[in-house]
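Let me begin by presenting the structure, written as structure tokens, before commenting on it.
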Amino acid sequence: MHREISPTLKEICRQDLNEVEERTETDILHIRQWMEKQRHLNFVIDDQLILAFLRCSKFSLERVKDKIDNYYTMRTLSPELYENRDPLSPEIQRLLHVGAVLPLPKVESGSNCRIIFLNLGENVDYDTMPFRNILKLFYMVTDILLLEDDYAVIGGLKVIMQCKNPNPKYMLELTPTFMKKHALLIEKGLPFRLRAAYFMNLHAIFQYVFDLLKKMLPSKMSRRLEVFDDTKLQQLYKLTPQSALPKEWGGDNGSLGELTVTWKENVQSYRDWFLQNEKLKSNEDLRQGPSKTYLHDFDIEGSFRQLNID
């Protein structure tokens with residue numbers, strides 16, 4: 001069984017995602033039977049999660065198989081992000097306390113996508129909040145959205161990152177290898193449709209990282225990345241209505257203080273789920289055929305050969 005959705009979302013599913021309601025249960029069964037044959041995915045996921053993957057893949061059965069395989073394979077290949085995800089651990093608590101990753105309550109009008117606001121300026125401390133932990137929390141939050149947010153699944157995600165006056169020490173962590181690995185995570189391991197990613201007040205020292213990231217991503221995805229500063233807010237408003245932004249940014253889509261409290265409680269409420277689901281990942285020893293690695297199957301090395309870094 002799966003959740004009922006609003007008539008508006010049903011229409012989006014029908015028109016944009018190729019969902020045929022009368023065939024949904026058959027599609028879910030097909031994916032379940034396929035998973036049962038994958039020895040390296042020796043666990044069961046529920047119908048609602050399978051349906052989320054189907055919708056994120058526009059009901060292409062082959063694409064959804066790739067998404068599910070990549071989603072759980074990345075958990076094996078990136079233990080630094082997908083292990084020790086206890087919301088009550090000090091490393092996660094510090095980030096929850098400063099509101100580093102905050103989905104906004106109202107979806108964007110028109111697109112019906114969910115906006116995630118990354119608050120990564122002077123509020124984050126490199127010495128206690130390294131970027132890998134910020135990414136860990138980001139993927140924890142997107143896991144929650146995959147489970148409970150039909151708007152994120154159906155309408156997609158838009159990410160807005162506020163990064164005014166970050167600690168320059170973060171550059172030490174953002175090496176080309178680190179960036180390529182996490183570009184692949186965005187491309188391969190994040191099941192949602194990424195509508196856009198906007199970087200606000202990007203310090204000049206981090207412009208290099210942004211340019212590198214754009215080169216690493218497929219052209220279709222890289223075109224969805226933009227940089228803005230306080231002098232270009234009107235340009236941002238043309239792409240995202242001002243009302244869809246937090247109150248601190250001139251909108252009416254929640255205040256960062258209130259959202260920090262809300263999402264700290266929400267992430268903590270999933271503690272048992274995070275602890276129990278840590279074992280749900282690919283077992284590369286049981287994969288039929290060669291096991292997957294970043295270097296060969298996701299071609300980190302080849303991607304660097306293609307880069308022209310000045």
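The values are calculated or read from the model by the stated rules, or taken from the named source; none is laboratory data. Just so it is clear, the structure is predicted and the values come from calculations on it, not from any experiment. Using ideal geometry, Cβ is built from the backbone for each residue, glycine included, and neighbour counts are taken over all protein chains shown. Quick note on the areas: whole protein, heavy atoms, side chains included, nothing else; ligands and nucleic acids left out. Shrake-Rupley method; radii C 1.70, N 1.55, O 1.52, S 1.80 Å.
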Next item on the list: Would you point out the residue of segment 141-161, among those that are without any contact (Cβ under 8 Å) to a residue 60 or more places away in the chain and closer than 24 Å to residue 236 by Cα, that is surrounded by the fewest Cβ atoms within 10 Å (Cβ to Cβ)?
Entry: 161
Notebook entry, point to check: What are the residue pairs meeting all of these: first residue in segment 66-79, first residue closer than 19 Å to residue 276 by Cβ, second residue of a type in the set (A, V, I, L, M, F, W, C) and open to solvent by 20 Å² or more (accessible area, probe 1.4 Å), Cβ atoms under 7 Å, and 6 or more apart or on different chains?
Noted result: 72/280
Next item on the list: Tell me which of these residue 283 doesn't satisfy, since it passes every other one: (1) at pLDDT 95 or above; (2) of a type outside the set (Gly, Ala, Ser); (3) over 30 Å from residue 77 (Cβ atoms).
Entry: (3)
Note to self: For segment 130-151, give me each residue that is modelled with pLDDT under 95 and assigned to a loop (DSSP other than H, G, I, E, B).
What the structure shows: 130
Notebook entry, point to check: So which residues in segment 1-58 are assigned to a loop (DSSP other than H, G, I, E, B) and among the acidic types (Asp, Glu)?
Noted result: 4, 19, 46
Checklist line | Whichever residue in segment 120-135 is open to solvent by 20 Å² or more (accessible area, probe 1.4 Å) and more than 13 Å from the chain's Cα centre (by Cα) and, among such residues, is nearest to residue 85 (Cα to Cα) | finding: 132
Item checked: Single residue of segment 211-248 satisfying the filter (more than 18 Å from residue 157 (Cα to Cα) and in contact (Cβ under 8 Å) with a residue 40 or more places away in the chain) that is most open to solvent (accessible area, probe 1.4 Å) -> 215
Next item on the list: Looking for whichever is more than 10 Å from the chain's Cα centre (by Cα), hydrophobic (A, V, I, L, M, F, W, C) and either at negative phi or open to solvent by less than 20 Å² (accessible area, probe 1.4 Å) (or both) here; the options are 138, 117. Which one fits?
Entry: 117
Item checked: Pairs with Cβ under 6 Å, 6+ apart, first in segment 43-62 and among the charged types (D, E, K, R), second assigned to a loop (DSSP other than H, G, I, E, B) -> 47/2; 55/17; 58/17; 58/18
